[in-house]
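Asker: Below you'll find the structure I mean.
The values are calculated or read from the model by the stated rules, or taken from the named source; none is laboratory data. These figures come from a predicted structure and were not determined experimentally. Cβ: placed from backbone, ideal geometry, glycine included. Neighbour counts: every protein chain shown.
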Amino acid sequence: MNKVFHVMYDDDDTLKDAASALVAKGIRIKDVFSPFPVHGIDPIIGVKRTRLGIAAFMYAMTGTSLALLGMWYFMISDWPMNIGGKPSFSLIENLPAFIPVTFEFSVLCGAHGMCITYFLRNGTLPGMPASNPDPRTTDDKFVIEITTDQNALGAAELEAAIKETELFELSTKDYK
Amino acid sequence: MQREAAIRDPLILGDKSYKDITDDVVGPIQGSAPLGWKILITISSIIAIYGVGCILYLLGTGIGVWGLNKTVGWAWDITNFVWWVGIGHAGTLISAVLLLFRQKWRMAINRSAEAMTIFAVIMAAIFPGIHMGRIWVSYWVLPLPNQFGSLWVNFNSPLLWDVFAISTYFSVSLVFWYIGLIPDFATIRDRMTKPFAKKAYSLLSFGWSGRAKHWNRFEEVSLVLAGIATPLVFSVHSIVSMDFATSVIPGWHTTIFPPYFVSGAVFSGFAMVQTLLLIMRKGMKLENYIHVKHVEYMNIVIIVTGSIVGVAYLTELFISWYSGVEYESYAFINRFSGPYSWAYWIMMTCNVISPQLFWFKKIRRSLVATFALSIVVNIGMWFERYVIIVTSIHRDYDPSSWGEFHPTQIDIGVFIGTIGIFGTLFLGFARFFPVLALNELKTILKSSGENYKKAQENH
């Protein structure tokens, strides 16, 4: 039988101190639930920086290429039109007129591509159930989640280490 | 913990804790609607219904019901469009540009400014839509495989750039706003007791749980979106200005238009934010979060952008004379001394002279004066677009076709109607949505809250 500990703190600085103390003892923290982004918690519990920024750049470049390809096809290849004598037989010559749409379409693809990826990676989608252990974690409380199966220490030792921190509340649950 | 210089004014007044912030914002959503809100939403819905009626009449009859004529083929429709798009710019500016500059005061106002942006862009989009006359074929503006004829849409045309600009701007602003709203919807979800409301907010919050990794991604997404929304904001209004600037009409054909329109947009947007927030902070008792310092900061932005607009007006006049082009000079002489000089001087007074009053600290920090001046600026910026559009075309190259524009009842009805629709949407937002960015405000409480700053001083 595995045990999960939900340790609640009532302040973000206490949370960070507690997390550092626990990690120093070699305890692995599974997750932290907080009502707002607690700056500085990520390196303590080993959360790496997300690569969504790189993804956004790739989506945006896809948009750039698609926009240019599309406009080349519509305006140059398929049906060149003479509009006020503007150059209509080469993409490069007509490029100044294509910059605004290229830019807008890159932003469109970059922003939406990144947001869709963000929702999918988070698993936050319409109709998903909430998984925070306590409703107060979206208000003013902070919870550290520690499980026995991720730690070498036993349940009793973990509990003793947790109780040394300035916690507000502790709840334990068994799970398979 | 991040510290801030003691001489900086606190951004959150009073003895607030994290819980107080939640209560102050979620409390009004849980309680029943106040009487003032009911009265306001009734009035704005009635105006909105009248506006929808005028739009339906217009669509059923044709755009001949507007006062457009042979010479003035573009008048209130495009004026209203540019006015609403301009108002929309403040939201993205506050949330994106001020985020990049790490301005903490934006956190009290960004949520409602973004809501204003989205509703204003919807109002703006109505105008080109109904101006097409046959709104049911409005999808023809998209580059679709062409079974309608032999041509594609024209990518050389600024009107098509506008299609891309406005739709990108609208959808990106909406996503930006919603991503920030999700954690706050989760806060409301966890506090709601009535089953229906809980279910509704649960759906809206997408199952947000506030995990560390999710917050890490959340901050990255906000930052990257801010980074790409910033050039987007500038590009959108530049493209709107190119609707005019790339034409060959004297009075429109000027290279100064893009920066001039962008600063005008920010100017009018901030004025609208002031108008709305000064009412909202009072009605929803948010005086501790949106206080005199925030109003003062916004007024400073208004002075700066208002002065840029003023310089642009004078530059236009100078260049029209300096160019030595007869038609160009006439367009501007006609603008300030012709039949529409009254509109020109309203614009000059409202946009150039009145915001200069904010140089006085007393006026800049007075809520009553700010409210009055914000309305003056809103009016002035509407007249700016009217002056640019109508005075430039009402006297064309052929004096026999010179004429004037007279709005019809439908022109007025559609415009007033959009104000009603906007008001209804905004009041709905104020009632059911978290009007302050809870999760962001909580991050600055310890560095910029009055109680924490005092404790730090006494330390």
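Asker: Going by what's in this entry, would B:Phe261 be described as more than 7 Å from chain A (Cβ to nearest Cβ), assigned to a helix (DSSP H, G or I), in contact (Cβ under 8 Å) with a residue 40 or more places away in the chain and not charged (D, E, K, R)?
Answerer: yes
Asker: Which residues, counting only those in the stretch B:96-113, are assigned to a loop (DSSP other than H, G, I, E, B) and either over 20 Å from B:Phe433 (Cβ atoms) or not β-branched (Val, Ile, Thr) (or both)?
Answerer: B:Phe101, B:Arg102, B:Gln103 - these are the residues of the stretch B:96-113 that are assigned to a loop (DSSP other than H, G, I, E, B) and either over 20 Å from B:Phe433 (Cβ atoms) or not β-branched (Val, Ile, Thr) (or both).
Asker: Taking B:Lys213 as the residue in question, decide whether it is facing chain A (nearest Cβ under 7 Å), over 31 Å from the mean Cα position of the chain (by Cα) and assigned to a helix (DSSP H, G or I).
Answerer: yes
Asker: Within the group B:Gly423, B:Gly417, which residue is surrounded by fewer than 22 Cβ atoms within 10 Å (Cβ to Cβ), assigned to a helix (DSSP H, G or I) and touching a residue at least 24 places away in the same chain (Cβ under 8 Å)?
Answerer: Result of the check over B:Gly423, B:Gly417: B:Gly423.
Asker: State which residue pairs qualify: first residue surrounded by 15 or more Cβ atoms within 10 Å (Cβ to Cβ) and inside the stretch A:121-137, second residue of a type in the set (Ser, Thr, Tyr) in any location, beta carbons under 6 Å apart, and separation of 6 or more residues or different chains.
Answerer: A:Ala130/B:Ser209; A:Asn132/B:Ser209
Asker: Of all the residues that make up the stretch A:128-176, how many are within 23 Å of the chain's Cα centre (by Cα) and either under 30 Å from B:Asp24 (Cβ atoms) or not assigned by TED's automatic domain parsing to the domain that holds A:Asp12 (or both)?
Answerer: So the count comes out to 18.
Asker: I'm checking my understanding of the structure. Among residues of the stretch A:74-83 that are loosely packed, with under 14 Cβ neighbours inside 10 Å and more than 8 Å from every other protein chain (Cβ to nearest Cβ), which one is nearest to B:Val221 (Cα to Cα)?
Answerer: A:Ser77
Asker: Working only within the stretch A:48-73, note down all residues that are among the aliphatic types (A, V, I, L, M) and within 8 Å of another protein chain (Cβ to nearest Cβ).
Answerer: A:Leu52, A:Ala56, A:Ala60, A:Met71
Asker: Check B:Ile63 against each of (1) of a type in the set (A, V, I, L, M); (2) surrounded by fewer than 19 Cβ atoms within 10 Å (Cβ to Cβ); (3) modelled with pLDDT under 90; (4) closer than 26 Å to B:Met284 by Cα and name the one condition it does not meet.
Answerer: If we test B:Ile63 against (1) of a type in the set (A, V, I, L, M); (2) surrounded by fewer than 19 Cβ atoms within 10 Å (Cβ to Cβ); (3) modelled with pLDDT under 90; (4) closer than 26 Å to B:Met284 by Cα, just (4) comes out false.
Asker: Next up: As an exercise: evaluate A:Gly84 against (1) in contact (Cβ under 8 Å) with a residue 60 or more places away in the chain; (2) more than 21 Å from B:Phe164 (Cα to Cα) and give the number of the one condition it does not meet.
Answerer: If we test A:Gly84 against (1) in contact (Cβ under 8 Å) with a residue 60 or more places away in the chain; (2) more than 21 Å from B:Phe164 (Cα to Cα), just (1) comes out false.
Asker: For A:Ile146, state whether it is touching a residue at least 40 places away in the same chain (Cβ under 8 Å), more than 7 Å from every other protein chain (Cβ to nearest Cβ) and buried (at least 17 other Cβ atoms within 10 Å of the Cβ).
Answerer: yes
Asker: Just to be sure I understand the filter: pairs with C-beta atoms under 6 Å, separated by 6 or more residues or on different chains, first member in the stretch A:29-47 and at the interface with chain B (Cβ under 9 Å from one of its Cβ atoms), second member part of a loop (DSSP other than H, G, I, E, B) and of a type in the set (D, E, K, R). Which pairs pass?
Answerer: Every condition considered, the pairs that remain are A:Pro35/A:Asp139.
Asker: Now for a different question. Go through (1) buried (at least 20 other Cβ atoms within 10 Å of the Cβ); (2) not in a helix (DSSP H, G or I) for B:Ala124 and report which single condition fails.
Answerer: The number of the failed condition is (2).
Asker: If you don't mind, another one. Condition first: in contact with a helix residue (DSSP H, G or I) (Cβ under 6 Å, 6 or more places away or on another chain), within 16 Å of B:Pro143 (Cβ to Cβ) and within 7 Å of chain B (Cβ to nearest Cβ). Now tell me which residues in the stretch A:84-127 satisfy that.
Answerer: Hits for the stretch A:84-127 are A:Phe98, A:Pro100, A:Val101, A:Glu104, A:Phe105, A:Leu108.
Asker: Considering (1) more than 7 Å from chain B (Cβ to nearest Cβ); (2) under 29 Å from B:Asp190 (Cβ atoms), say which one A:Ala130 fails and leave the rest.
Answerer: (1)
Asker: Right, next: Report, by residue number, each residue of the stretch B:235-258 that is within 12 Å of chain A (Cβ to nearest Cβ), surrounded by fewer than 19 Cβ atoms within 10 Å (Cβ to Cβ) and of a type in the set (A, V, I, L, M, F, W, C).
Answerer: Passing the criteria: only B:Val248.
Asker: Still on this structure, I have one more. I want to confirm something. Restricting to the stretch B:408-425 and keeping residues that are more than 18 Å from the chain's Cα centre (by Cα) and not β-branched (Val, Ile, Thr), which single residue is nearest to B:Trp66 (Cα to Cα)?
Answerer: Result: B:Asp411.
Asker: State all residues of the stretch B:202-225 that are in contact with a Leu (Cβ under 8 Å, 6 or more places away or on another chain) and modelled with pLDDT under 90; if no residue qualifies, say none.
Answerer: If the condition is that a residue be in contact with a Leu (Cβ under 8 Å, 6 or more places away or on another chain) and modelled with pLDDT under 90, then B:Gly207 is the only one that fits.
Asker: So, in the stretch A:23-32, how many residues would count as being buried (at least 23 other Cβ atoms within 10 Å of the Cβ) and part of a helix (DSSP H, G or I)?
Answerer: Counting residues in the stretch A:23-32 that are buried (at least 23 other Cβ atoms within 10 Å of the Cβ) and part of a helix (DSSP H, G or I) gives 0.
Asker: Related question: From A:Pro43, A:Pro35, which residue is loosely packed, with under 14 Cβ neighbours inside 10 Å and either within 26 Å of the chain's Cα centre (by Cα) or part of a helix (DSSP H, G or I) (or both)?
Answerer: It is A:Pro43.
Asker: Now, a different point. Could you name every one of the helices (runs of 4 or more DSSP H) located completely within the stretch B:1-95 that has at least 1 residues being more than 14 Å from chain A (Cβ to nearest Cβ) and over 28 Å from the mean Cα position of the chain (by Cα)?
Answerer: Fully inside the stretch B:1-95 and qualifying: B:35-61.
Asker: Quick check on the stretch A:104-116. Is at least one of its residues surrounded by 15 or more Cβ atoms within 10 Å (Cβ to Cβ) and under 30 Å from A:Phe5 (Cβ atoms)?
Answerer: no
Asker: Out of curiosity, is B:Ser268 at pLDDT below 90 and either within 21 Å of the chain's Cα centre (by Cα) or assigned to a loop (DSSP other than H, G, I, E, B) (or both)? Break it down into steps so the answer makes sense when it comes.
Answerer: Details: at pLDDT below 90: no; either within 21 Å of the chain's Cα centre (by Cα) or assigned to a loop (DSSP other than H, G, I, E, B) (or both): yes.
Criteria not met by B:Ser268.
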